[in-house]
Amino acid sequence: MTVTTPRGFRAAGVAAGLKASGASDIALVVNDGPDAGVAGVFTANRVKAAPVRWTQQVVHGGVVRAVVLNSGGANACTGPAGFQDTHATAERTAAALTASSPRLMLGAGEVAVCSTGLIGERLPMPALLAGVRAAVRGLSRDGGQPAAEAIMTTDTRPKTTVAKGSGWTVGGMAKGAGMLAPAMATMLCVLTTDAVAGPGILDAALRAATRVTFDRIDSDGCMSTNDTVLLLASGASGIEPSEAELTAAVTAACHDLAQQLIADAEGATKQIAIDVVGAAGEEDAVEVGRSVARNNLVKTALFGNDPNWGRILAAVGTTAARFDPDDVDVAVNGVWVCRGGAAAEDRSKVDLTGRDVTIRIDLHAGDAAATIWTNDLSHAYVHENSAYST
């Protein structure tokens, strides 16, 4: 159930001393297959971390043989020196891999780099580069789980997945428990497949998948500087699926990881699905769902087990979506507490004692629909983010 489940991949996770806790903090994923196609999607934040800017260039080249990831520091807002650190990381990784297996013969331009952690501080490069060498030595087909553990920050557990095709597989790992808001995928994620697929097909499949999965989770409305999702293809299965087949498997893997991210969101006690139906268009449905997901009054009400549908309706009304306020219906966990923009069933019938919550909003304006996934806003979220840098 990891990035090394597809054939042609090895991985490792090691501790290099980047985290004060001493936990593992360097991950490496290597593609040994006959192919090395890649696709990537990245944060839409105008403030982009050095590894994002580097990896965007690498992905543009269409070939990636290795991805090195570190937790314990974002290498964001670190100026030209931070970009040089990213370049040095890619160079050292390429050199170490070539020395360990000369048949690879890869250069820095075939190494993607991802970082996560506190913004604004340079990485301790001697420790990081030593960690890269240790990760190369530790590469194995069983290294997927240690790699997933090494990229964790405030995550409480690693996130991994597998989706099966017909004779080929998609695997993946992700990290993210805060700053989960749309504009790509909002975390670090590496997906692998042993299918035969070129960069163009990979790009189409990845963008279609992230549009309806990672781009529709919204924990706290905050957009990271480091968001990166990569899809690597080894071609080791020898099987070339159709674009539709590949897209379906990549979407299944992304959906699973997205749900794991929301389930592990910082301080969350509720996992909330906001289903918007009857919209005039899909964009309207997404906008309405996102407005409710980002509304702190809604999120705190759900933390307190209060089915406050008035807050939901007020959030819907802040959007530019097409609808008549007097036509809107709202249900919370199956109880239609609002019909036609006014009170309906008794709100005391709503059971919010469990972790899973479903809000259904019918705009009665068309046939389009979309789902946004979010979580509640708790005391623990405030505490964790007020004390994060220490």
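Among the numbered conditions (1) in contact with a strand residue (DSSP E or B) (Cβ under 9 Å, 6 or more places away or on another chain); (2) free of Cβ contacts under 8 Å to residues at least 60 places away in the same chain; (3) assigned to a helix (DSSP H, G or I), the only one that Leu106 does not meet is (3). Between Ala66, Ala95, the distinction of being farther than 17 Å from Leu188 by Cβ and not polar (S, T, N, Q) belongs to Ala95 only. The set of residues in region 95-115 being in contact with a Lys or Arg (Cβ under 8 Å, 6 or more places away or on another chain) and either small (Gly, Ala, Ser) or modelled with pLDDT of 95 or more (or both) consists of Ala96, Leu97, Ser100, Glu110, Val111. The set of residues from region 276-325 being in contact (Cβ under 8 Å) with a residue 60 or more places away in the chain, outside any helix (DSSP H, G or I) and crowded, with 22+ Cβ neighbours inside 10 Å comprises Val276, Ala279. Scanning region 170-192 turns up no residue that is part of a helix (DSSP H, G or I) and surrounded by 24 or more Cβ atoms within 10 Å (Cβ to Cβ).
Is it the case that some residue within region 26-45 is open to solvent by 10 Å² or more (accessible area, probe 1.4 Å), in contact with a Pro (Cβ under 7 Å, 6 or more places away or on another chain) and in contact (Cβ under 8 Å) with a residue 40 or more places away in the chain? Taking every residue of region 26-45 in turn, none turns out to be open to solvent by 10 Å² or more (accessible area, probe 1.4 Å), in contact with a Pro (Cβ under 7 Å, 6 or more places away or on another chain) and in contact (Cβ under 8 Å) with a residue 40 or more places away in the chain.
Taken over region 206-233, the residue count meeting the criterion of being within 11 Å of Phe42 (Cα to Cα) and assigned to a strand (DSSP E or B) is 3.
Which of the residues that make up region 120-169 are hydroxyl-bearing (Ser, Thr, Tyr), open to solvent by 10 Å² or more (accessible area, probe 1.4 Å) and not in a loop (DSSP other than H, G, I, E, B)? Residues satisfying the conditions are Ser140, Thr160, Thr169.
The residues of region 197-245 that are over 13 Å from the mean Cα position of the chain (by Cα) and without any contact (Cβ under 8 Å) to a residue 12 or more places away in the chain, listed by number, are Gly200, Ser242, Ala244.
Specify which of the listed residues (Gly341, Gly281) is more than 17 Å from Thr374 (Cβ to Cβ) and touching a helix residue (DSSP H, G or I) at 6+ places or on another chain (Cβ under 6 Å). After ruling out the rest, the residue left standing is Gly341.
Here is a list: Val47, Val64, Val59. Which entry is touching an Asp or Glu at 6+ places or on another chain (Cβ under 8 Å) and of a type in the set (A, V, I, L, M)?
So the residue among Val47, Val64, Val59 that is touching an Asp or Glu at 6+ places or on another chain (Cβ under 8 Å) and of a type in the set (A, V, I, L, M) is Val64.
The criterion of being in a helix (DSSP H, G or I) and open to solvent by less than 50 Å² (accessible area, probe 1.4 Å) does not hold for Ala370.
For region 20-63, the candidate set comprises residues that are among the hydrophobic types (A, V, I, L, M, F, W, C) and in a loop (DSSP other than H, G, I, E, B); within that set, the residue that is nearest to Thr160 (Cα to Cα) is Ala23. Residues in region 336-361 that are open to solvent by 50 Å² or more (accessible area, probe 1.4 Å), over 20 Å from Ala273 (Cβ atoms) and in a loop (DSSP other than H, G, I, E, B): Asp346 only.
Against the conditions (1) farther than 17 Å from Ser378 by Cα; (2) open to solvent by 10 Å² or more (accessible area, probe 1.4 Å), Gly221 satisfies every one except (1). Of everything listed in (1) open to solvent by less than 60 Å² (accessible area, probe 1.4 Å); (2) under 27 Å from Val196 (Cα atoms), the single unmet condition for Ala76 is (2). Taking region 237-274 as the range and being among the small types (Gly, Ala, Ser), surrounded by fewer than 21 Cβ atoms within 10 Å (Cβ to Cβ) and outside any loop (DSSP other than H, G, I, E, B) as the test, the residues that pass are Ala244, Ala248, Ala252, Ala263, Ala273.
Residues checked against (1) modelled with pLDDT under 95; (2) more than 20 Å from Arg157 (Cβ to Cβ); (3) among the charged types (D, E, K, R):
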residue	(1), (2), (3)
Leu202	no, yes, no
Ala208	no, yes, no
Arg211	yes, yes, yes
Ser219	yes, no, no
Gly238	no, yes, no
His255	no, no, no
Asp275	no, yes, yes
Ala280	no, yes, no
Val292	no, yes, no
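In this structure, Glu240 does not qualify as among the acidic types (Asp, Glu), more than 21 Å from Ala369 (Cα to Cα) and in contact with a helix residue (DSSP H, G or I) (Cβ under 6 Å, 6 or more places away or on another chain).
The values are calculated or read from the model by the stated rules, or taken from the named source; none is laboratory data. Model, not experiment: these values are computed from the prediction. All Cβ positions, glycine included, derive from the backbone under ideal geometry; neighbour counts span all protein chains shown. Accessible surface is based on the protein model in full, side chains and every heavy atom, while ligands, DNA and RNA are left aside. Shrake-Rupley method; radii C 1.70, N 1.55, O 1.52, S 1.80 Å.
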